Amino acid sequence: MSRSIAVFGTGSGLGQAVARRYAREGYDIILVARRREPLELLAGDITRTGATAHVITADLAHADAVPRLAEQIRAKVGHLDAFYYAPTPDGGFVPAAGLTPQQAAEFMPLTFYTLVALVREFLPHMLDQRDGAILTAQGASSTQGLPNMSGPGPAQAAQRNYLQSLHAEVADKGVYVGMLYIGAAIENSAFHTEMQRAEAAGEPVWKMPIVSSDHLADLLRTMHTVREEPEASYP
């Protein structure tokens, strides 16, 4: 019987690479994001390799829509064996001194609330079968606040705190919780594209290393397979 993974936030960078990486392992892939056309293109590429891919469009900023989304997923592949959650929030970094309560609140549904709702949907089966994986990837601002780079970071830090607690509760029950924190620009991601545009325009750009999405997808898969540590950072 095929194993399955849902990729929540199948963007142009790491999300696509994770989908392709698990497809090569023989997983059935569920691709979830807001725009159907890029998902259909990726699904076509995956199916041409002999793997199976399904497309579901959803706005992951609405946690109350998760039960319906979970029904759609189970109708296609049954219970999930794993899921990867890393949608990119709208809105960029802002100085902490200028962050408003309203701005802070806007990052919480996509970054935190929907993840909690998805765990409630899919974790029980993983615990029943004593096997499963919940994988995430976020920026390095999740682990350390940096000047002028607040906004999504506090919400991502809340996600990290929650996942650390979850890992401690379920690791000895067969479920792996893996967290990857990335202090680099991912090639072909929206952030990398914007960084290139700003640099070409002569605008100030935060200097950071560049990493391929395939390399990070391999790292996530290794974390999932080895299961020795719940957290890893790149670089």
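Values in this text are rule-based calculations from the coordinates and carry no lab data. Small disclaimer: the values here were computed from a predicted structure and weren't measured. When we count neighbours, we look across all protein chains shown, and the Cβ atoms used for this are built from the backbone with ideal geometry, even at glycine.
What residues qualify as long-range amide H neighbours of G151, i.e. H under 5 Å apart, gap of 5 or more or another chain, H built at 1.01 Å from N?
V94
Size of the dipole of the stretch 4-234 about the Cα centre, Lys and Arg at +1 and Asp and Glu at -1 on the beta carbon, nothing else charged, in debye to 20?
It works out to roughly 200 debye.
Can you grab the distance from the C-alpha centre of the stretch 113-137 to the C-alpha centre of the stretch 171-235, Å, no decimals?
Each part reduced to its Cα centre gives a spacing of 21 Å.
If you take every DSSP beta bridge fully contained in the stretch 110-219, what fraction is antiparallel? Give it as a percent rounded to 5.
Given both bridge residues lie in the stretch 110-219, the antiparallel proportion sits at roughly 0 percent.
Can you list the GluC sites (Glu not before Pro) in the stretch 152-235 that are in a DSSP coil and have 11 or fewer other beta carbons within 10 angstrom?
E228
If I build a Gaussian network model for the chain, linking alpha-carbon pairs within less than 10 angstrom, which residue out of P124, P152, P101 has the largest mean-square fluctuation?
Judging by the Gaussian network model, the answer is P101.
³J(HN,Hα) across the stretch 191-200 via Karplus (A = 6.51, B = -1.76, C = 1.60, θ = phi - 60°), whole Hz, x for Gly/Pro?
Running phi through 6.51 cos²θ - 1.76 cosθ + 1.60 with θ = phi - 60° gives 5, 5, 4, 5, 4, 5, 4, 5, 5, 5 Hz.
Using all Cα-Cα distances in the chain, what percent lands in each 5 angstrom bin from 0 up to the longest?
Final binned percentages: 1, 6, 14, 19, 21, 18, 11, 6, 3, 1, 0.
What percent of all Cα-Cα pairs in the stretch 99-164 falls in each 10 Å bin, counting up from 0?
All Cα pairs, binned at 10 Å, distribute as 20, 45, 24, 10, 1 percent.
Most fluctuating residue of I134, I29, I210 in a GNM of the chain with Cα springs under 10 Å: which is it?
I210
Using the Karplus curve 6.51 cos²θ - 1.76 cosθ + 1.60 with θ = phi - 60°, work out ³J(HN,Hα) for each residue of the stretch 37-51 in order, rounded to whole Hz, and write x for Gly and Pro.
So the Karplus estimates, Gly and Pro as x, are 4, x, 5, 5, 5, 5, 4, x, 4, 5, 5, 5, 8, x, 8 Hz.
For a quick check: with amide H placed at 1.01 Å from N, whose amide H comes under 5 Å from I182's, ignoring anything fewer than 5 positions away on the same chain?
Q138, G139, A140, Y234
Answer with one residue from Y27, F8, T57: the one whose Cα lies farthest towards the positive end of the charge dipole of the stretch 1-59, charges on Cβ with Lys, Arg +1 and Asp, Glu -1.
Selected residue: Y27.
Could you run the Karplus curve 6.51 cos²θ - 1.76 cosθ + 1.60 with θ = phi - 60° over the stretch 182-187 and give me ³J(HN,Hα) per residue in whole Hz, x for Gly and Pro?
Couplings: 10, x, 8, 8, 8, 3 Hz.
Label points 7 Å out from Cα along the Cβ direction at A97 and T49: separation in nm?
4.8
For the chain, modelled as a Gaussian network with Cα springs under 10 Å, which listed residue fluctuates most, T225, T88, T114?
Residue with maximal mean-square fluctuation among T225, T88, T114: T225.
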